[in-house]
Amino acid sequence: MRFAVFGTQPYDRRYLTAANADRHALVFLEPRLDAQTAGLATGCQAVCAFVNDRLDAEVLETLAGLGVGIVALRCAGFNNVDLAAAERLGLPVVRVPAYSPHAVAEFTIGLLLALDRKIHRAWARTRENNFALDGLVGRNLHGRVAGVVGTGKIGALVARTLRAGFGCEVLASDLVEDPELVALGVRYVPRDELLRQSEVVTLHCPLTPETHHLLDAATLAAVRPGLLVVNTSRGGLIDTAALIQALKRGTIGGVALDVYEQEGDLFFRDLSDTIVQDDLFQRLLTFPNVLVTGHQAFLTEEALTAIAETTLASLDDFAAGRPLAHRIGTGHLR
Ligand code: NAI
């Protein structure tokens, strides 16, 4: 099968090529998938997309019209796909539901430690031979109240690490409780209560209409002073404008973001020679207590290998007419 891979980065090419072992014809395309670029899939039976590709009705219709028979997301989240349109078109969409929750969980803890102990600022200082410590005072994680929103595969690992590793008091919120976490001493509470009581909040729920802007002006006004926020899930969980206001008021202790609401215009590209036009994003970068990475929490050798292997296994199943184990179905429609 000819398989068009949109938004290809060098590591995508490396890991997909290795996992493919020449069984499908991989067509690596640099542009992101959207209405303007969908035509590049001409002649391909399958399309591979990533988190910031736009899979709206128009794009899906174009792909279906070109004879594309399957869309394979090389990620877990699918908030960028119009599933109703895909269903209507009879176009199966598969994903990689779990490639390495450890990769994201470990990165989350890394961000939290860096933010709390101001490692990003310390590194900038020592590079300038400035070894003064004033301004770098952090706080122990041990004994702090940490709130985990979403205790699925990634959130559960983070909650476990915070509880069993660091000795935090861990609050959690999810639609379903994880009994193993409860046995560890994690306490499930309503989300509002979690946001009010926590000294650290880390977000691991999917982006849905219900979770969109779960941190907004109202919730941010009620948090504990000095709150540390970590988001490695999806940018839309946080109202960035409201977050900036809270940072300006000084009520938030720090924010570490691996994802950003409008990241589709920025991330996964080298923009160092351009003038970034996103004023909200630029404002975020001016705060000393804000740490931003470009959606790299997943980026480990293990995760990239698993993503490539699962994606190609889905393609094999499709080509052979077998059931698609990782198909996103109507049950996922919200
Ligand atoms: P998962 O599906 O295993 O867990 C999500 C959890 O959120 C589930 O337990 C679900 O019940 C819960 N949930 C759903 N709605 C909720 C709500 N309204 N309030 C509280 N909890 C709710 O997903 P997984 O693998 O743990 O991934 C979590 C998120 O991390 C994904 O949605 C994805 O957006 C993001 N992600 C980010 C990556 C990165 O590189 N930064 C890489 C992989 C995933």
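The values are calculated or read from the model by the stated rules, or taken from the named source; none is laboratory data. Quantities reported herein were computed from a predicted structural model and do not represent experimental measurements. Cβ: placed from backbone, ideal geometry, glycine included. Neighbour counts: every protein chain shown. When the accessible area is computed, the model is the full protein with side chains, heavy atoms only, and any ligands, DNA or RNA have been set aside. Shrake-Rupley method; radii C 1.70, N 1.55, O 1.52, S 1.80 Å.
Answer with yes or no whether residue 146 is within 16 Å of the ligand (Cβ to nearest atom), at pLDDT 95 or above and either among the hydroxyl-bearing types (Ser, Thr, Tyr) or under 26 Å from the mean Cα position of the chain (by Cα) (or both). Here the answer is yes, as residue 146 does meet what is asked.
Only one of the numbered conditions (1) buried (at least 18 other Cβ atoms within 10 Å of the Cβ); (2) within 24 Å of the chain's Cα centre (by Cα) is violated by residue 26, and that is (2). The set of residues in segment 65-83 that are more than 17 Å from residue 207 (Cα to Cα) and either out of contact with any Ser or Thr (no Cβ under 9 Å at 6 or more places or on another chain) or surrounded by fewer than 21 Cβ atoms within 10 Å (Cβ to Cβ) (or both) comprises 65, 66, 67, 69, 71.
This table checks each residue for (1) within 16 Å of the ligand (Cβ to nearest atom); (2) touching a strand residue (DSSP E or B) at 6+ places or on another chain (Cβ under 9 Å).
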{"site": "235", "(1), (2)": "yes, yes"}
{"site": "242", "(1), (2)": "no, yes"}
{"site": "246", "(1), (2)": "no, yes"}
{"site": "258", "(1), (2)": "yes, yes"}
{"site": "273", "(1), (2)": "no, no"}
{"site": "289", "(1), (2)": "no, yes"}
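The set of residues in segment 293-319 that are free of Cβ contacts under 8 Å to residues at least 24 places away in the same chain and either part of a loop (DSSP other than H, G, I, E, B) or open to solvent by less than 60 Å² (accessible area, probe 1.4 Å) (or both) comprises 313, 317. Counting the residues of segment 76-104 that are part of a helix (DSSP H, G or I) and within 13 Å of the ligand (Cβ to nearest atom) gives 4.
When segment 139-170 is filtered for residues that are open to solvent by less than 30 Å² (accessible area, probe 1.4 Å) and of a type outside the set (A, V, I, L, M, F, W, C), the ones remaining, listed by number, are 144, 147, 150, 151, 155, 167.
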